[in-house]
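The values are calculated or read from the model by the stated rules, or taken from the named source; none is laboratory data. Keep in mind that this is a model prediction, so the values were computed, not measured. Ideal geometry is used to build each Cβ from the backbone, glycine not excepted, and the neighbour counts take in all protein chains shown. Side chains included, ligands, DNA and RNA excluded: accessible areas come from the protein's heavy atoms. Shrake-Rupley method; radii C 1.70, N 1.55, O 1.52, S 1.80 Å.
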Amino acid sequence: MALFPGNAARKKDGPLTDNVEVQGTHVGLPWNPQVLAAIAERLARNPEKGNE
């Protein structure tokens, strides 16, 4: 269920930004396995290499 068009919340892709779409509610984001996996993957990246 989308409350607004998906592209309304997107930022321009860059070396330190990612647009990630997950299914779930706003309130459930802190416990959403898709969100946690996306965060863990990005934290494991080398910050000097960005989104490579």
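Does Val35 satisfy the criteria of being outside any loop (DSSP other than H, G, I, E, B) and at pLDDT 85 or above? Talk me through it step by step, then tell me what you get.
Working: outside any loop (DSSP other than H, G, I, E, B): yes; at pLDDT 85 or above: yes.
When the stated conditions are applied, Val35 passes them.
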Candidate set from region 1-14 (those that are open to solvent by 100 Å² or more (accessible area, probe 1.4 Å) and assigned to a loop (DSSP other than H, G, I, E, B)); member that is modelled with the lowest pLDDT: Met1
Inter-residue pairs, beta-carbon under 6 Å, first modelled with pLDDT under 90 and in region 18-31, second open to solvent by 60 Å² or more (accessible area, probe 1.4 Å), 6+ apart: Asn19/Arg10; Val22/Gln34
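Give me a count of the residues in region 38-49 that are in a helix (DSSP H, G or I) and free of Cβ contacts under 8 Å to residues at least 12 places away in the same chain. Break it down stepwise before answering.
Our first condition is that a residue be in a helix (DSSP H, G or I); within region 38-49, this holds for 38-43.
Of the ones still in play, those that are also free of Cβ contacts under 8 Å to residues at least 12 places away in the same chain are 39-41, 43.
Within region 38-49, residues that are in a helix (DSSP H, G or I) and free of Cβ contacts under 8 Å to residues at least 12 places away in the same chain number 4.
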